[in-house]
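Where a number appears in this text, it was derived from the coordinates with a stated rule and is not lab data. Here the structure is a predicted model, which is why all the values come from computation and not from measurement. Methodologically, a virtual Cβ is constructed for each residue, glycine included, from the backbone with ideal geometry; neighbour enumeration extends over all protein chains shown.
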Amino acid sequence: MNAAEPGAECDSGLYAGVARLTRTLHENLRELGLDGRLTRFAGNDIPDACVRLDYVVKMTEDAAHRTLDLVDDGRAIADGLADVAAHLEKLRRLPLASPQELQRARQAVTDAEARLRGTLTALAQAQEYQDLSGQMIRRVITLVRNVESALLELLDAGAVQSARELPINETQAGLAGPGMPGAGGAADQGDADRLLASLGF
Amino acid sequence: MDKNIRILIVDDFSTMRRIVKNLLHDLGYANTTEADDGKTAWAALQSGSFDLVVTDWNMPGMTGLDLLKNIRSDSRLSALKVLMVTAEAQRDQIIEAAKAGVNGYVIKPFTAITLKEKLEKIAQRSVGAAA
């Protein structure tokens, strides 16, 4: 570009302005320690959080299956007790029930009781995932809060000056997913039933 | 409803399939088959004769809503009863499912009583429609 052309001075002024802004931004980031923090978030903390959340999904799924297995065991015990009851009813109708038969029935009930207690203890133990997954989720919440405050500092440092004034649109990507009780827009079963009834269902 | 009806349970979470299956068994419906998304459900529907589909909405592959739409647009399957059991609880979504021809809508988390009520309602309506 010819230095004598009109606008050249304006261009060089613009470049100088951009360079100055970039320098200021970098200085601000360094002063705030933001560059190091953001690098750590992106390179380490966020991938680590994803691994932890995947583990939480697996842990809760395993615990749910363990619980359902134990519920199946409980059903089998209940079925066994129903069989004992039916057997006792048969014995009751006999003119003379044999003491051995009654003793066997009593033993069956005692065995079922022991098995049921064991199942209940195992059911209680299967809930320990809540403590572990709760701790992991809390760590991720802390990370999300730290990323939030770093991003706000980044905005304050002038990196994206107008962004805070922009309306933040709700993302419309995909489905809304599970709602929170009482949170805006989500229906409960009663709302859904009324809505469907109003549509002729 | 006839307790021998064939029911297809569709959910990408194996635990939820198990819970629905257990509840249905408790209600006396023992003839159940499972599918882990709309695509596998669609394949199962092509090869077997089912009377009721109990499906989640949000699944990879094919969603429950797309499965419902496919069922309604297929002449051999269009009369199939579909009960949606889903965490999707936005008003617009419920209306969308209704427009697509859902027969019942249960919001997760749900109770055994809700499931029972919806099944009974579907049965009453099918009797009413047949009468």
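Residue by residue along B:91-100, Cβ atoms of other protein chains within 10 Å of the local Cβ number 4 on average.
Please tell me the relative contact order of segment B:8-102 in percent, rounded to the nearest whole number, where contacts are Cα pairs under 8 Å and at least six residues apart.
27 percent
Which shape class, rounded, prolate or oblate, goes with chain B when its Cα gyration tensor gives a ≥ b ≥ c as root eigenvalues, a/c under 1.5 marks rounded, and past that a/b bigger than b/c marks prolate? Since a/c stays below 1.5, the shape of chain B is classed as rounded. Note on B:LYS99: lysines with a C-alpha under 26 Å away, same-chain residues under 8 apart excluded, are B:LYS39, B:LYS69, B:LYS81, B:LYS108, B:LYS116, B:LYS118, B:LYS121.
The alpha carbon gyration tensor of chain A gives principal lengths a ≥ b ≥ c with a/c of 1.5 or higher and a/b greater than b/c, which makes the shape prolate.
For B:VAL106, the amide hydrogen comes within under 5 Å of the amide hydrogens of B:MET84, B:VAL85, B:THR86, counting only partners 5 or more places away or on other chains and with H modelled in the peptide plane. Per-residue ellipticity at 222 nm computed for chain B from its helices equals -14000 deg cm²/dmol, with DSSP H segments shorter than 4 residues left out and the rest contributing -39,500 (n - 2.57). Listed by Cβ neighbour count within 10 Å, with the fewest neighbours leading, A:THR24, B:THR114 appear as A:THR24, B:THR114.
Extension gain for A:ARG40 to A:GLU148 (0.36 nm times residue separation, less C-alpha to C-alpha distance): 37.5 nm.
Counting Cβ atoms of other protein chains within 10 Å of each residue's Cβ and taking the mean over peptide B:62-75 gives 0. Peptide A:192-198 has a mean of 5 when you count, residue by residue, the C-beta atoms of other protein chains within 10 Å of its C-beta.
Each Lys and Arg contributes +1 and each Asp and Glu -1, all at the Cβ; summed about the Cα centre of chain A, the dipole is approximately 940 debye.
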